[in-house]
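K.L.:
Mind having a look at this structure? Questions to follow.
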Amino acid sequence: MAVVGIDFGNLYSKIALTRRGGVDVVANETSNRQTPSVVSFDGKERAIGEPAMNLFVRNSKNTISQIKRLIGRKFKEDDVQNDIKKGYFPFNVVEMEDGGVGVTAFYNGEQVTFSIVQILAMIFQKLKLTAEMEAKTKVADVVVSVPSFFTVDQRRAILEAGEIAGMRFNRLLNETTAIALNHGFYKTDFSETEPTYVAFVDVGHAHTQASIVQFNKDKLTVLAHSWDRNTGARDLDEALAEHFAAEFKEKNHIDIYANKKAILRLRQAIEKVRKVLSANPETSLNVECIMDDVDVRAMVSRAQME
Ligand SMILES: Nc1ncnc2c1ncn2[C@@H]1O[C@H](COP(=O)(O)OP(=O)(O)OP(=O)(O)O)[C@@H](O)[C@H]1O
Ligand SMILES: [Mg+2]
């Protein structure tokens, strides 16, 4: 029986195995150590993770993503309504009977409503399978990290999804604590007498968290933590999307924001560009057939993005 840790992300989830005295993040079927937190319903098929991400544009209405924003929430909450208004969900988000959040998708010839817990359970099942293939044994005990600001309802919904996925969730660990633990685990040169103070900043897809942690030789204490629930890398992406949309309007005479699939294509390309810019001062953004058979291309520099 293997013990695993899950980092459930708004964009990507990761699963790690404890073994050989260390922690190994497990690679999925496409050798990636992170799996898109995405489920796509395509005809009679249900795709989860990488194959679902491949359907993100073609089957956008039936491809469910960003469920960390929706898990354990009420449909009428401001955060949920604002995300819907901003157009972050290309799929249909609905209110469930209990006031919670659901999504609809065309599956098996009919329109089906799924609760967010059900969707998350599918993602957990997929991660479990990935870990079991690697460990060649059943997954037993699981620790899942969640944002420190998650409410009791959000935490409860995650436990419920774990139960449906057939996993025994030992505990939910705050992401800020998980990051600090990881730091302390691999760093062995803390002073015997003096405490070491470290600040951690985690810019996630849709939120940002920061913490100050005190490390002593055999102990860590989270002294303070803070967060912004609604600001993350996707806001950078959106600012870049607006910038490029304006550029392409002038240069290519197309209105990206008038075409839902074009926005999705642009957002995907921007995420790649942003990652390239972390390691390079400049790169180019290219999208073939973004809309109306038009190919677009633009240069972008790190200085420009900043
Ligand atoms: N090397 C990189 N350079 C720039 N941005 C990156 C890099 N790697 C990841 N990102 C971006 O950082 C953001 C957060 O990535 P992460 O994998 O933590 O997302 P997540 O865990 O799914 O989100 P969250 O933590 O908000 O739930 C994403 O928008 C991702 O595109
Ligand atoms: Mg994350």
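K.L.:
Dipole of the range 2-174, Cα-centred, from +1 at each Lys and Arg C-beta and -1 at each Asp and Glu C-beta, to the nearest 20 debye? Provide the component values of the computation, followed by the final result.
P.N.:
Details: 23 positive and 20 negative charges, 80 e Å.
With only Lys, Arg, Asp and Glu charged at Cβ, the dipole is about 380 debye.
K.L.:
Moving on. Give me the number: length gained by fully extending Lys74 to Val276, i.e. 0.36 nm times residue separation minus the C-alpha to C-alpha distance, one decimal in nm. Intermediate results must be reported in sequence, preceding the final value.
P.N.:
Numbers: separation 202, 0.36 × 202 = 72.72 nm, distance 3.67 nm.
Extending this stretch completely gives an extra 69.1 nm.
K.L.:
Moving on to the next point. In deg cm²/dmol and to the nearest 500, what is the mean residue ellipticity at 222 nm of the chain if only DSSP H runs of at least 4 residues count, each as -39500 (n - 2.57), divided by the residue total?
P.N.:
Working: 8 runs with 101 residues, N = 306.
One gets -10500 deg cm²/dmol as the mean residue ellipticity at 222 nm.
K.L.:
How big is D, in µm² s⁻¹, for the range 201-306 by Stokes-Einstein at 10 °C and 1.306 mPa s if Rh is the Kirkwood radius over C-alpha pairs? Present the calculation step by step, with values, prior to reporting the outcome.
P.N.:
Numbers: Rh = 15.7 Å.
It comes out at roughly 101 µm²/s.
K.L.:
Counting only heavy atoms of protein chains, what accessible area per residue, in Å², does the chain have with a probe of 1.4 Å?
P.N.:
On the way: 15790 Å² over 306 residues.
Averaged over the residues of the chain, the accessible area is 52 Å².
K.L.:
Go through Thr35, Thr137 and list them by solvent-accessible area, largest first, probe radius 1.4 Å. Display every interim value, and only then the final one.
P.N.:
Values: Thr35 10, Thr137 50 Å².
My answer, sorted largest first, is Thr137, Thr35.
K.L.:
Dividing the alpha-carbon Rg of the range 128-237 by 2.2 N^0.38 Å yields what? Don't skip to the end; give the middle numbers.
P.N.:
Numbers: Rg = 16.5 Å, N = 110, 2.2 N^0.38 = 13.1 Å.
Rounded to two decimals, the normalised Rg is 1.26.
K.L.:
Report, in cubic angstrom per residue, the convex hull volume of the C-alpha atoms of the range 141-200.
P.N.:
Working: hull volume 6.2 nm³, N = 60.
It comes to 104 Å³ per residue, whole-number rounded.
K.L.:
Suppose a student asked you for the relative contact order of the range 173-280, using Cα pairs under 8 Å spaced at least 6 residues apart; what percent would you report? Numbers along the way, then the final one.
P.N.:
Numbers: 130 pairs, mean separation 19.3, N = 108.
Averaging sequence separation for qualifying contacts and normalising by length gives 18 percent for the range 173-280.
K.L.:
Another one. Give a residue-ordered list of calculated ³J(HN,Hα) values for the range 51-68 (Karplus: 6.51 cos²θ - 1.76 cosθ + 1.60, θ = phi - 60°; whole Hz; x for Gly, Pro).
P.N.:
For the range 51-68, the Karplus-derived couplings read x, 6, 4, 5, 9, 3, 8, 4, 10, 4, 5, 10, 10, 9, 9, 6, 7, 5 Hz, x marking Gly and Pro.
K.L.:
How many angstrom lie between the Cα centre of the range 124-168 and the Cα centre of the range 185-253?
P.N.:
24
K.L.:
Once R0 is set to 45 Å, what does the formula 1/(1 + (r/R0)^6) return for the Cβ-Cβ distance between Phe106 and Phe190, expressed as a FRET efficiency to the nearest 0.05?
P.N.:
Numbers: r = 55 Å, r/R0 = 1.22.
So the FRET efficiency works out to roughly 0.25.
K.L.:
Something else about it: Could you please state how large a percent of the accessible area of the chain is carbon and sulfur, counting protein chains only and using a 1.4 Å probe? Working shown, then result.
P.N.:
Working: 8020 of 15790 Å².
Carbon and sulfur together cover 51 percent of it.
K.L.:
Among all the aspartates and glutamates, which ones have a C-alpha under 19 Å from Lys44's C-alpha, if same-chain residues fewer than 8 places away are not counted?
P.N.:
Partners within reach: Glu110.
K.L.:
Between Glu45 and Lys136, what FRET efficiency comes out of the Förster formula 1/(1 + (r/R0)^6) with R0 = 25 Å and r the beta carbon distance, rounded to 0.05? Walk me through the intermediate numbers first.
P.N.:
Details: r = 27 Å, r/R0 = 1.08.
Efficiency, rounded to the nearest 0.05: 0.40.
K.L.:
Right, something else. Taking the alpha-carbon centroid of each part, what is the distance from the range 276-295 to the range 33-61 in angstrom?
P.N.:
For the range 276-295 versus the range 33-61, the Cα centre distance is 22 Å.
The values are calculated or read from the model by the stated rules, or taken from the named source; none is laboratory data. Computed from a predicted structure; not experimentally measured. Here Cβ is always computed from backbone atoms with ideal geometry, including for glycine, and neighbour counts include all displayed protein chains. Please note that ligands, DNA and RNA were not included when accessible areas were found on the heavy atoms of the full protein model with its side chains. Shrake-Rupley method; radii C 1.70, N 1.55, O 1.52, S 1.80 Å.
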